[in-house]
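Shown next, in structure tokens, is the structure this report addresses.
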């Protein structure tokens, strides 16, 4: 099925792609060649929570395409196919899946409680992003999956803070601006 987006939707998709790029510049380096801690997953969570499944995922596809064509939008201002094929590439692909799942879990709900938003952000923004990220990181670094998964425990406290803040922010935005972000396409 071919999906058409209204101009307003395209603007929101671009806005959240840009937000993800901006949050990529918030970088906390990690030891042993691990991917850095960034603010990107916060933007992924907000994209899914505020835009819904299709537009949230599309914002992350646009973000990845911007980086692949050479714009310095990946963590720390990097870009190119090498990043996508490297230790962080699985996380980038997980952004699309995460935003989509978050949107699916929250769209078409008449009342978006903080519990629902937080659960969606946690499941989509953390676990769904982590799975392809851990798989690719293990493969690229040549380490067992269990070891790579253990390294991800270092990221969990920060991601739980992102879940809480994104859920609170999304709840306030959705209550203040009902129908302004999500359209009937989601």
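Looking only at the range 138-148, decide whether some residue is more than 16 Å from residue 40 (Cβ to Cβ), under 17 Å from the mean Cα position of the chain (by Cα) and buried (at least 20 other Cβ atoms within 10 Å of the Cβ). Taking every residue of the range 138-148 in turn, none turns out to be more than 16 Å from residue 40 (Cβ to Cβ), under 17 Å from the mean Cα position of the chain (by Cα) and buried (at least 20 other Cβ atoms within 10 Å of the Cβ). Tally time: how many residues in the range 131-186 are in a loop (DSSP other than H, G, I, E, B), modelled with pLDDT of 85 or more and at negative phi? Matching residues across the range 131-186 total 3. Residues considered: 87, 8. Of these, the only one that is at pLDDT below 95 and either assigned to a helix (DSSP H, G or I) or closer than 22 Å to residue 181 by Cα (or both) is 8.
Only one of the listed residues (94, 98, 82, 67) is within 17 Å of residue 22 (Cα to Cα) and either in contact (Cβ under 8 Å) with a residue 12 or more places away in the chain or in a helix (DSSP H, G or I) (or both). That residue is 67.
Considering the range 107-127, the residues that are touching a helix residue (DSSP H, G or I) at 6+ places or on another chain (Cβ under 7 Å) and not in a helix (DSSP H, G or I) include one that is surrounded by the most Cβ atoms within 10 Å (Cβ to Cβ), namely 107.
Please work out if residue 25 is surrounded by fewer than 16 Cβ atoms within 10 Å (Cβ to Cβ) and either in contact (Cβ under 8 Å) with a residue 60 or more places away in the chain or touching a helix residue (DSSP H, G or I) at 6+ places or on another chain (Cβ under 8 Å) (or both).
Yes.
Quick check on my filter: what residues within the range 49-82 are in contact with a strand residue (DSSP E or B) (Cβ under 7 Å, 6 or more places away or on another chain), at pLDDT 95 or above and crowded, with 19+ Cβ neighbours inside 10 Å?
Keep residues of the range 49-82 that are in contact with a strand residue (DSSP E or B) (Cβ under 7 Å, 6 or more places away or on another chain), which gives 67, 72, 75-76.
The next check asks that each one be at pLDDT 95 or above; those that pass are 67, 72.
Listed by number, the list holds a single entry, 67.
Residue 85 satisfies every condition listed in (1) surrounded by 23 or more Cβ atoms within 10 Å (Cβ to Cβ); (2) under 26 Å from residue 154 (Cβ atoms) except (1). For the range 121-144, enumerate the residues that are over 25 Å from residue 49 (Cβ atoms) and in contact (Cβ under 8 Å) with a residue 60 or more places away in the chain. Those that are over 25 Å from residue 49 (Cβ atoms) and in contact (Cβ under 8 Å) with a residue 60 or more places away in the chain: 137, 141.
The values are calculated or read from the model by the stated rules, or taken from the named source; none is laboratory data. Just so we're clear, the structure is a prediction, and the values are computed from it rather than from any experiment. Cβ coordinates were reconstructed from backbone atoms using ideal geometry, including for glycine residues, and neighbour counts include every protein chain displayed.
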